[in-house]
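The values are calculated or read from the model by the stated rules, or taken from the named source; none is laboratory data. Worth saying up front: this structure is predicted, and the values here are computed from it rather than measured. Here the Cβ is made from the backbone with ideal geometry for all residues, glycine too, and neighbour counts use every protein chain on show. In case anyone asks, the SASA skips ligands and DNA or RNA and just uses the protein heavy atoms, side chains included. Shrake-Rupley method; radii C 1.70, N 1.55, O 1.52, S 1.80 Å.
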Protein chains: 2
Amino acid sequence: MTMSTTSPKRAVFEEFAKTAKCLGHAGRIEIIELLAQGERSVEAVAERTGMTVATTSQHLQTLKRAGLVSARRDGKFILYSVSGDEVIALISALRVVTEQHAAEMDRIVRGYFDKRDGMEPVSREDLLERARAGLVTVLDVRPADEYAAGHIPGATNIPLSELEQRLGDLTKDREIIAYCRGPYCVYAFEAVAALRQAGFSARRLKGGLPQWRTAGLEISRDLT
Amino acid sequence: MTMSTTSPKRAVFEEFAKTAKCLGHAGRIEIIELLAQGERSVEAVAERTGMTVATTSQHLQTLKRAGLVSARRDGKFILYSVSGDEVIALISALRVVTEQHAAEMDRIVRGYFDKRDGMEPVSREDLLERARAGLVTVLDVRPADEYAAGHIPGATNIPLSELEQRLGDLTKDREIIAYCRGPYCVYAFEAVAALRQAGFSARRLKGGLPQWRTAGLEISRDLT
DNA sequence: CAGACATTCAATAGTTATGTTGAATGTAAT
DNA sequence: ATTACATTCAACATAACTATTGAATGTCTG
C-alpha cells in the first residue's frame, strides 16, 4: 500500500508544508501581523521590523510565492497586503495553538510583562461587572465604521491603526480591556501587546463582538 | 522605536514560528492527519507513512515538543495522538489557505484525479437535489456515535477509520459525497482523497453537519 | 534474569534556509 | 535623457534541518 515518494497524497502534503514553512520564521509572522493592519511598502515594513530592506523584500517575496500576501504597484512603491481573511484565520489558529500548548510562551510573556496577568482573556461576565464598577476602560480597536455599526456600551473606539498616536487618550489608572471581531481576529492581541509595551495594564476580551451579541448582551449603536 | 533582536514582541513571534516550523514538513503533516483519526504507535505511523521508525520517532518528538501531539505509554507501545481540536483547526486553516492560494495545488490535484472535479465542495442545495434523484451516495465519515446522534437523511455511515476496509460497501456507479463535522474538520478531506485513490468519484459537502443543521435542513436520528 | 521488542539517542553527511553584500531593475521626477 | 529612489536580484558564508546508521534505553514475556 505504501506508495513511492511522489504519491499524489504526499504531493498535497508537500504543498501544505510549503505554506507552513513560510510561517516558520518570526520575521515573516511579524510582517503578516503588520500587513494585517493595512497595506505597506517594503521600506515601511523594513523600518517597523528592523530588518534591512533587501531582507524584507526577500521575505515578502517568499510570502507572495506562497499566496499569503499580495502586492500592487503604486508609483514608486510596491504595496503589500495580506491576501485574505483566511490568512488571518490561519495565523490566529497558530496563535491559539501556540498559546495553549507551548508552556514556554507563558514564561516569556510573564517575564517581560506584569506578573499577574498573562495572555488569558477576560470573560464577558467579568468585563460587565468591572465596567459597571468603573474599574476598567473598555477599548474597541476595530475600524470606526464597524464600531459605529454596533459596540459594547461605554466602549471607547480607537482603531488599531491609530492606537500608537492616541495613547494619550487613555489613562493608566484603570486596566484596559480590548476587544475586536472575534477569536479569529488579531486586532485585540496586537492592541494588548502595544499597550503593555507602552506601560499600560491591558487584557483582551474573550471572543469578540459577535460572541458578545450571541450571548445576548446589550449593544450600543451610533445613529447616523 | 526599533528594539533589539530579543524584544519581547520578537520572542513571542519566535514561539509562533516554532509551532509553524513543525508544520513545515510534509511528513509531519501526514503524521498529524493520521493521528487525527486516532492514537497510533510509532511503528504504526512509520508503516503508514513509509518512513523509517527512527525518522518517524524523531518527527513525533518534534511535534510533541511543540505541543501538537501528546504521548502515552501502553505496555511496550507509546501511543501518540493530537493534543486537541485547536491543532486540527490549525491544520484545517492551513489547508484552506493552501487550497485557496497555491495555484499549483490545483494542477497537482487535477493532474492525478478526475479532470472535472477538483477540490471544490458540493453545496447543500446540490446535494439535496441530486440525492433525491438517486444520483449520489451520501457518506457520513464521522464516528458511529456521532452519526447515531443525528445525520443527513439517507446518509451511509462509514467512519473514516474503517473506510479502507469497507470500500466494498460502496458503489462506483454513483458519485460519493462525503461530509463530517464542519469546515474545520479533516475527515471529509481525508475520505475524498482515499476514495479517489481507490478509483471512486468523490467530493465533499460544503461545511458539515452543524452547517446543515443551521441551514434548517432535515436531520435523521437513530432511536436508542 | 534473559531475550524479544518498541522506542529513543548520538553522530554524521547531505540538503536547504538565512542574511549580507553590491549590483541591477524599473518607475517618477527634473 | 538624466537623476533619484524603491525594490529586486545574484552570490556567498553561515546556520539549521533531515534522514541514516548503529547503539542504547526501557518494558514485557517466559
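Which one is nearest to DNA strand C (Cβ to nearest atom), of the residues in the range A:15-40 that are within 17 Å of B:PHE16 (Cα to Cα) and outside any helix (DSSP H, G or I)? The residue in question is A:HIS25. Here the range A:41-57 is the region considered, the condition is being among the small types (Gly, Ala, Ser) and more than 9 Å from DNA strand C (Cβ to nearest atom), and the residue that is farthest from the other protein chains (Cβ to nearest Cβ) is A:SER41. If the condition is being assigned to a helix (DSSP H, G or I) and either open to solvent by less than 20 Å² (accessible area, probe 1.4 Å) or not small (Gly, Ala, Ser) (or both), then the range A:41-59 contributes A:VAL42, A:GLU43, A:VAL45, A:ALA46, A:GLU47, A:ARG48, A:THR49, A:VAL53, A:THR55, A:THR56, A:GLN58, A:HIS59. Restricting attention to the range B:9-22, the residues that are open to solvent by less than 30 Å² (accessible area, probe 1.4 Å), within 11 Å of DNA strand D (Cβ to nearest atom) and more than 21 Å from A:VAL12 (Cβ to Cβ) add up to 1.
Looking across the range A:23-38, the residues that are away from DNA strand D (no atom under 12 Å from the Cβ) and either open to solvent by 10 Å² or more (accessible area, probe 1.4 Å) or closer than 17 Å to A:ASP85 by Cα (or both) come down to A:LEU23, A:ARG28, A:ILE29, A:GLU30, A:ILE32, A:GLU33, A:LEU34, A:LEU35, A:ALA36, A:GLN37, A:GLY38. Just to be sure, is B:ARG40 touching a Leu at 6+ places or on another chain (Cβ under 7 Å) and closer than 21 Å to A:ALA11 by Cβ? No: the conditions fail for B:ARG40.
Taking A:GLU120, is it modelled with pLDDT of 85 or more, open to solvent by 50 Å² or more (accessible area, probe 1.4 Å) and not hydroxyl-bearing (Ser, Thr, Tyr)?
Numbers: modelled with pLDDT of 85 or more: no; open to solvent by 50 Å² or more (accessible area, probe 1.4 Å): yes; not hydroxyl-bearing (Ser, Thr, Tyr): yes.
So A:GLU120 fails the test.
Counting just the residues of the range A:64-73 that are part of a strand (DSSP E or B) and in contact (Cβ under 8 Å) with a residue 24 or more places away in the chain, which one comes out farthest from A:LYS18 (Cα to Cα)? Spell out how you get there, then give the answer.
Of the range A:64-73, the ones part of a strand (DSSP E or B) are A:69-73.
From the residues that got through so far, the ones that are in contact (Cβ under 8 Å) with a residue 24 or more places away in the chain too are A:69, A:72.
Values: A:VAL69: 14, A:ARG72: 23 Å.
Among those that are part of a strand (DSSP E or B) and in contact (Cβ under 8 Å) with a residue 24 or more places away in the chain, it is A:ARG72.
Here A:THR98 does not qualify as without any contact (Cβ under 8 Å) to a residue 60 or more places away in the chain, closer than 30 Å to B:GLY84 by Cβ and within 13 Å of DNA strand C (Cβ to nearest atom). One residue stands out in the range A:58-79 among those that are under 22 Å from the mean Cα position of the chain (by Cα) and within 8 Å of DNA strand D (Cβ to nearest atom): the one that is nearest to the other protein chains (Cβ to nearest Cβ), namely A:LYS64.
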